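Here is the structure we will look at.
The values are calculated or read from the model by the stated rules, or taken from the named source; none is laboratory data. Being a predicted model, the structure only gives us computed values, none of them experimental. Virtual Cβ from ideal backbone geometry, glycine too; neighbours counted across all protein chains shown. Surface areas here come from the heavy atoms of the whole protein model, side chains and all, with no ligands, DNA or RNA. Shrake-Rupley method; radii C 1.70, N 1.55, O 1.52, S 1.80 Å.
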Amino acid sequence: MDVEEDNIDVNLNSSPREDFDDSFWSDIFDPRNWDSLNSKQIDILAQKGPKADKLVKGPKDRYRKRFTSVFYTRILSNGEYFDRDWLVYSEQLDRVFCFGCKLFTKGHRKGQLANEGCNDWSHMTNRLKDHETSVDHVLSMTNWYELRSRLEKHQTIDKAAQRQLEKEKDHWRKVLFRIVCIVKFLAKHNLAFCGTNGKLYEDSNGNFLGLVEMLAEFDPVIQEHVRRITNEETHAHYLDHKIQNELLHLLASAIRSEIIKKIKSSKYFSVILDCTSDASHQEQMSLIIRYVDSSSSQVCIEEPFLGFLDVNDTTGQGLFDVLEKELKLLDLDINDVRGQGYDNGSNMKGTHQGLQRKLLDVNPRAFYSACGCHSLNLTLCDMAKTCGRAKDFFGIIQRIYTKFSNSTKKWHILKENVSGLTLKSVSAMRWESRVESVKAIRFQCSDIREALL
């Protein structure tokens, strides 16, 4: 989420050749490109100054006049010589320009020297004299010298603006860090994000905004962020439900990428699948990858959950197509599958048309193993159904639970007599849950008898 910008870092003590290539410097010193320079390039020119070739001579015009290095020197009335460091000659255009006026004039620029350049060589001496004594030229040169002085002392307005920009970037980086931490906390504890209201400091605005309000009580970063939002100083607050979903997707993508990296490192893996319908009656298939994690000093077996896959065709071929497509999206090779585990559904374990057969046809090394817990549960359920005493036993346990649970008054009587384990319903799907139902009666039989009486 960090944003990095490409900034040109100017080393004031280095030469042009050390910081930039030749094409950059040839372009930046060319007067033809001065109108398109950015502020950073202008700062570089202000410090380095213009290039002046004292040996160059221009082509002669129709009056047999041309540019010579004599124009670089100004002769004062007292006979002293003064260097015109602002004068720039363009060989390509055969014109001279005023460096100060061309780059550092605020507002409208006056005269040819400050705009398209001058090539009136016959009257150049007078033109240069008139220009360098004008008020506009003096102001432009003052702007140039002041900027150069501030650059050398690192006291430019750009530096102050850059510091303010860095401060603002740091503020938003800290805000995003705290928002991501809130998203991680809610996702880790499987808590809902949004409520019926999406505004701060209003009722039913959800866990996410509630945590933001709580952090604002003691955290200065979030406190400043909330202040800006409530005072309408910013419209980019990163608290919208769309941002929450986007952050969730980014975190999930990062976790999934790390898991896939570990799976590829171990090379071989197994797939564990199970299908069920959700509240909207959409059939979904859960995907779990089993692999050996050797990334740390302690080697262990991992079974990470990688997501739910929408299924419209529940046949063996349809399930295989969904699995094959998902493995391709995860960039996992189906030929590296060494195991497959499902429940005992015919579309899963079928030896002719089931999912396990479709995968074995593609990869014969994908050994199929039925879910041991599911098989044991089915076996125990069938055994209990065939035994009359077992059916009566669990039937009595269920009737005792039903008798107390159907009435709040009777449940209160149960609580007065039973202070330990609570009665539980007998599950028809999971055999191991029946153990908890039996425990409550086995260890508290006399107390439950008193409650029934």
Seminar exercise, completed: Rounded to the nearest 10 degrees, the helix 388-405 long axis (Cα) sits at an angle to the longest Cα principal axis of the chain of 60
Exercise. So how much slack lies between Glu224 and Ile260, counting 0.36 nm per residue of separation and subtracting their Cα-Cα distance, in nm?
Worked result: 9.0 nm
Seminar exercise, completed: Bounding extents of region 266-370 in its principal axis frame from Cα atoms, largest first in Å, are 44, 32, 24
Exercise. What distance in nm separates the simple spin-label points at Glu146 and Ser369, each placed 7 Å from Cα in the Cβ direction?
Worked result: 8.1
Exercise. Chymotrypsin sites (Phe, Trp or Tyr not before Pro) within region 48-136: which are DSSP loop residues with at most 12 other Cβ atoms inside 10 Å?
Worked result: Tyr63
Exercise. Can you pull the percent of Cα pairs in the chain with separation above 32 Å?
Worked result: 70
Exercise. Considering the dipole of the chain built from charges on the beta carbon (Lys and Arg +1, Asp and Glu -1) around the Cα centre, which of Phe193, Tyr401, Gly345 is farthest to its positive end?
Worked result: Tyr401
Problem set entry | In region 92-189, GluC sites (Glu not before Pro) in a DSSP loop with at most 15 other beta-carbon atoms within 10 Å | Glu116
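How long are the three semi-axes of the equivalent ellipsoid for region 175-236, computed from the Cα gyration tensor as the root of 5 times each eigenvalue, in whole Å, largest first? If you can, show how the numbers build up before the last one.
Working: eigenvalues 72, 42, 18 Å².
For region 175-236, the ellipsoid semi-axes come out as 19, 15, 10 Å.
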For this session: Quantify how much of the Cα-Cα distance distribution of region 39-153 extends past 22 Å, in percent.
Result: 34
Problem set entry | trypsin sites (Lys or Arg not before Pro) lying in DSSP loop within region 216-297, provided at most 15 other Cβ fall within 10 Å | Lys267
Seminar exercise, completed: Between the modelled labels at Arg163 and Arg389 (7 Å from Cα along Cα→Cβ) the distance in nm is 9.0
For this session: May I ask for the net charge around Pro59, where only other residues with Cβ less than 12 Å from the Cβ of Pro59 are counted and Lys, Arg are +1 while Asp, Glu are -1?
Result: +4
Exercise. In a shell of Cβ-Cβ distance under 15 Å around Leu329, excluding Leu329 itself, what net charge do Lys and Arg (+1) and Asp and Glu (-1) give?
Worked result: -2
Seminar exercise, completed: With a 1.4 angstrom probe the carbon and sulfur portion of accessible area for region 266-370, in percent, totals 48
For this session: Taking the chain as the reference, fit the longest principal axis to its C-alpha atoms, fit the long axis of helix 206-215 to the helix C-alpha atoms, and give the angle between the two in degrees, 0 to 90, nearest 10.
Result: 60
Exercise. So what is the accessible area of the chain per residue, in Å², with the probe set to 1.4 Å?
Worked result: 64
Seminar exercise, completed: Here the Cα Rg-to-2.2 N^0.38 Å ratio for region 313-453 is 1.58
Seminar exercise, completed: Sorted largest first, the C-alpha extents of region 264-311 along its principal axes in whole angstrom are 44, 16, 12
For this session: For Lys409, list the lysines whose Cα falls under 20 Å from its own Cα; do not include residues on the same chain fewer than 8 positions away.
Result: Lys424
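Count charges around Arg365 for me, please; just the other residues with Cβ under 10 Å from its Cβ, Lys/Arg as +1, Asp/Glu as -1.
On the way: positive: Arg338; negative: Asp336.
Combined, the nearby Lys, Arg, Asp and Glu give 0.
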Exercise. Label Leu76 and Met214 with points 7 Å out from Cα along Cα→Cβ: what is the distance between them in nm?
Worked result: 7.6
Exercise. Under a Cβ-Cβ limit of 4.7 Å, which cysteines in the chain have nobody to pair with?
Worked result: Cys118, Cys181, Cys194, Cys275, Cys300, Cys371, Cys373, Cys381, Cys387, Cys445
For this session: Show that you can apply the helix-only estimate: for the chain, add -39,500 (n - 2.57) for every DSSP H stretch of four or more residues, divide by all residues, and state [θ] at 222 nm to the nearest 500.
Result: -15500 deg cm²/dmol
Exercise. Taking 0.36 nm per intervening residue step and subtracting the Cα-Cα distance, what contour gain separates Leu380 from Asp83 on full extension?
Worked result: 96.4 nm
Problem set entry | Asn231-His189 FRET efficiency (beta carbon distance; Förster radius 30 Å; 0.05 resolution) | 0.40
Problem set entry | Distance histogram in 10 Å bins (all Cα pairs of region 388-451, percent per bin) | 22, 56, 21, 1
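Is there a pair in Lys261/Lys328; Lys184/Lys242; Lys415/Lys439; Lys54/Lys102; Lys169/Lys242 whose C-alpha atoms are over 18 Å apart, and which pairs would that be?
Lys54/Lys102; Lys169/Lys242
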Seminar exercise, completed: The helix 220-230 Cα axis meets the longest alpha-carbon principal axis of the chain at an angle in degrees, between 0 and 90 and rounded to 10, of 80
Exercise. Thr68 to Val292: extension gain in nm, 0.36 nm per residue of separation minus the Cα-Cα distance?
Worked result: 72.6 nm
